[in-house]
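What follows is a set of notes on a single structure, which appears directly below.
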Amino acid sequence: MSRVAFQKTHFLIKRWAVPEIFGKGAIANAVKEQSRFAKKLVKTPLPALNPLFAFAYRTKYEISPNLQTTRTILDLYDGGAIGIDKMELQKSPNRESKIKKPIVLLFPGGNENTHSTKVQTLCSSYLEAGYSDVYMCNYRGRCNTPFRTPQFTIPYGKFNEVGAAVSHFSENFKDRQILLAGDCFGGYCIVDYLLSGSNVDPNVVGGVIHSVQWNAEASNEKMMVDPNYSLYVKPWAKYTKNLLVQGKKGNEEFSKQVYEKIGKDRFAILSSLSMEQPYDVFQLYQIGLSSLADGAFKDEKDYVEKTSPHAKIQNSSLARPLIVINADDDPTAPITLDEIEVMERDPNLCFWLFACGGHCSYVKHLYPVTNYIDEAMVECSDILVNNT
């Protein structure tokens, strides 16, 4: 089915569909030839027809795999820190692979952490598939990670913690390949890292990411009129604003550092934001993030241009293969034909587009009867590893 026909198909029919796969390079060809998953019909649950329904359904019925975790704190260049958790099944599988698969580093969505069901599900899927070393990277201040400095993780240059995490594993596991996996914001960070040319560690084999806002500018414009704003964005925005203004329990000095860095006037504006409207989020970006990033961004528009994959990939090439998996009905990550055409120019990029799935990315433990993203990510990872 062509992309145009796909978009015009009735939404009830689109609930049964195989994903469309785009790309003109070796990795895309390998996926098209070797993927069994890409040839089977995928049924997404009825809640997918309404993201509000989907979120309520998942919140009520989700069951976590409850993986065992072991924490390592990784110190960063500016005194900050990220928390890296080794993820392990409660009961290890009996079978052991003769070939050691790559280490998997998972970078989650902005609202996710080690204990999120979606994160645990993806990690357990990799573990069950024979990836014995799976690690989850918690961003600054998340999941009991120390928030020592007024700096957020952002998908841009030295403020992107993917490089620090990769270097840590490359130094400690010199003979192992590293596979990067990401969800939403984590996918942003992985794209930024893989576009850094010679700075990409030689042990990195590539990446597999899903539910990524490929064009942040278009996503923000849609968010301004999207009724699901309060569901997807507002909780994160309120948390971030309160963290900047009030600090965090046990580290109340943090808000004083923010005050000193951004100044009295901007701190007052930041404190007054209610986060009830999408424009408040733009203000949060401009005042809270761009100012804290040592002057890296002039304003919210500059932030979008420098961090959005769509903007950056037009001027740079991926240093390693990357597979991106999105849903056509994702309310926070719309995809256009123009953006797909830009993706196809990079031979290292393969793009999957499912008819349904929203931004919840239906996974087992959340949707036990109809799920696909965890299985698709593991299969794509296997294909990527075996063909590079």
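Within the set of other residues whose C-beta is less than 10 Å from the C-beta of Lys101, count the net charge using Lys and Arg as +1 and Asp and Glu as -1. Net charge around Lys101: 0.
Normalised per residue, the accessible area of the range 122-190 is 29 Å², obtained with a 1.4 Å probe and no contribution from ligands, DNA or RNA. Quick check on my link table: of Lys24/Lys118; Lys86/Lys241; Lys158/Lys312; Lys264/Lys298; Lys241/Lys261, which ones sit more than 20 Å apart, alpha carbon to alpha carbon? Checking Cα-Cα distances, Lys24/Lys118; Lys86/Lys241 exceed 20 Å. Distance between the modelled labels on Ala268 and Ala26, one decimal in nanometres: 6.0 nm (7 Å Cα→Cβ projection).
Extension gain, Ile340 to Asn242, is 31.6 nm, computed as 0.36 nm per intervening residue step minus the present C-alpha separation.
The values are calculated or read from the model by the stated rules, or taken from the named source; none is laboratory data. Bear in mind that the values here come from a model prediction, so they are computed numbers and not experimental data. Neighbour counts run over all protein chains shown; Cβ positions are idealised from the backbone, glycine included. Remember, those area values only see protein heavy atoms, side chains included, never the ligands or the DNA or RNA. Shrake-Rupley method; radii C 1.70, N 1.55, O 1.52, S 1.80 Å.
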